[in-house]
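Below is one structure, written out as C-alpha cells; comments come after it.
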Amino acid sequence: MKTYKAGIIGATGYTGSELVRILHHHPDISIEVITSESRAGEPFSAVHPFFAGTVDMTLKTAAQALEMPLDVVFLALPHGVSMRYARAFVEKNVPFIDLSGDFRLSGPDVYGQWYDREHTYPQGFDLAVYGMPELNRNRIPRARLVACPGCYPTGSILALAPLLKAGLLQPGSIIIDAKSGTTGAGVKPSPVTHFPGVNENFRAYGLKKHRHTVEIQEMLDAVAREEHGSRSQANARADAARPAPIHDHNRQAAGCGPVQFTPHLLPVDRGILSTIYALPNETPAKSSTFRDALLHTLQQAYADEPFVHLAASPPSLKDVRGTNSARVYVDYDARTGRVLLVSVIDNLVKGSSGQAVQCMNLMLGLAETTALETIALNP
C-alpha cells in the first residue's frame with residue numbers, strides 16, 4: 001500500500017501541532033516536513049515539548065518545503081498568510097488543505113469586507129471547495145484546494161443544514177449563541193486570553209461582525225437553496241458553481257436570511273458549545289409531531305455519517321473532547337414557538353485539524369475515518 005508524503009506549513013500553533021498528533025498515527029501518511037519561519041532549524045519537540053521522543057524532526061522553512069516532492073500539504077497558517085503560499089502549491093499541482101479563512105468565502109469582495117484586507121490570490125476562490133465532508137463529500141476528492149471550515153461554522157452548520165434544506169426553519173430567524181475554549185483564539189497570548197483575563201471569567205466578543213458570521217450565512221444560504229456549499233463566482237464553470245457573493249448582509253437572503261451570531265470565550269482549553277434558536281417555517285399544528293419531524297430530518301441526514309451523532313439530551317464539551325465527532329441535540333419549545341438546537345465539537349479536531357485530515361483522506365482515496373476514530377477524553 002502506498003505511503004503518502006505530507007507537509008505541514010506552519011506548525012507552531014495549536015492547529016499545526018494537532019495535525020502532527022493526528023497524522024503521526026495515520027497508517028498511510030509519512031510526515032515529510034514541518035515548517036516554521038520563526039523556529040526553523042529547531043526540533044519540532046522544542047516548540048511542543050509534549051512531542052519529545054516521538055516527533056523530533058527539524059523544522060524547515062516554507063521555501064524548503066516547496067522544493068520537496070509532496071503528495072498533500074496542510075496550510076496551518078493565519079488568515080492573510082495562507083494566500084501567500086496557496087498560489088505556489090497550485091502552480092506545483094500539489095493538493096492542499098487550507099486551515100485559515102482565506103478561501104472559505106464566496107469571493108475577494110466579501111473577504112475584504114469581513115477580514116479587512118485585500119486578497120492577493122483571488123483566483124483561488126474559483127478553485128476552492130468548502131471542506132465539510134457532510135456537505136461536499138462528492139466534490140472534495142477531486143479538489144486541489146480545500147478550504148477547511150472555521151470552528152464556529154462547523155458546529156453551527158452541521159446542526160442547521162438539514163433543517164434548512166428541508167424547509168423547516170423560517171429564513172432570517174436564526175440566532176447562534178456559541179462558546180469556545182481559549183485555543184480558538186490561537187497560540188499567541190493577549191490580555192483577553194492571558195490566564196488572569198480568562199480564569200473565572202466569561203465574555204462575549206465579535207458582536208455583529210465576527211468573520212465567522214458571513215461564513216455561516218453563506219453556507220447555510222447555499223444549503224437552503226440546495227447548492228450544497230458550492231461558492232464560485234458567476235463566471236465559474238457549472239460543475240464548480242457557487243452562490244454569488246452576498247454583498248448586502250443586511251438583506252434577507254433567499255435561503256436562510258441574515259444570521260445573528262455571537263461568540264463567547266470560555267475559561268477552558270478546547271471545545272465549542274453552540275446553542276441555536278430559530279422559528280419554524282410554519283406554525284406547527286402539534287408540537288410533539290413537529291419535534292419528531294425535526295429529529296427525523298436530522299436522523300435521515302446523518303444516519304450514515306461517521307462523525308455526526310444525535311444526542312438524546314443536551315451534550316457537553318467533554319462528550320467530544322479530543323475527537324472528530326459532532327453531537328447535536330434538537331427540541332421544540334411550544335411555549336415560545338422556537339426550535340432549539342445544541343451542538344458540541346472539539347474546536348481543534350472536528351473544528352479544524354481533524355476535519356482537515358478527514359478531507360485529506362477523501363482527497364487521497366483513503367477510508368474517510370482513518371486515524372480519526374478516537375474516544376473522547378472524559379474526564
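The single condition among (1) closer than 22 Å to Gly7 by Cβ; (2) crowded, with 20+ Cβ neighbours inside 10 Å that Thr154 does not meet is (1). Can Pro306 be described as at pLDDT 95 or above, more than 30 Å from Ser30 (Cβ to Cβ), of a type outside the set (Asp, Glu) and out of contact with any His (no Cβ under 8 Å at 6 or more places or on another chain)? When the stated conditions are applied, Pro306 does not pass them. Considering only segment 173-187, I want to know if a residue exists there that is surrounded by fewer than 20 Cβ atoms within 10 Å (Cβ to Cβ) and farther than 26 Å from Pro258 by Cα. Taking every residue of segment 173-187 in turn, at least one turns out to be surrounded by fewer than 20 Cβ atoms within 10 Å (Cβ to Cβ) and farther than 26 Å from Pro258 by Cα.
Say whether the condition of being touching a helix residue (DSSP H, G or I) at 6+ places or on another chain (Cβ under 9 Å), surrounded by 15 or more Cβ atoms within 10 Å (Cβ to Cβ) and farther than 22 Å from Ser82 by Cα is met by at least one residue in segment 31-38.
no
Scan segment 99-108 and tell me whether some residue there is of a type in the set (Phe, Trp, Tyr) and outside any loop (DSSP other than H, G, I, E, B). No. Those helices (runs of 4 or more DSSP H) of segment 1-82 in which 1 or more residues are of a type in the set (Ser, Thr, Tyr) and farther than 25 Å from Leu362 by Cβ occupy 44-47. Evaluating Val129 against the criteria (1) part of a strand (DSSP E or B); (2) under 22 Å from Thr12 (Cα atoms) leaves one unmet condition, (2).
The values are calculated or read from the model by the stated rules, or taken from the named source; none is laboratory data. What you see is a predicted model; the values in this text were computed from it and never measured. No Cβ is skipped: glycine too gets one built from the backbone with ideal geometry, and neighbour counts run over all protein chains shown.
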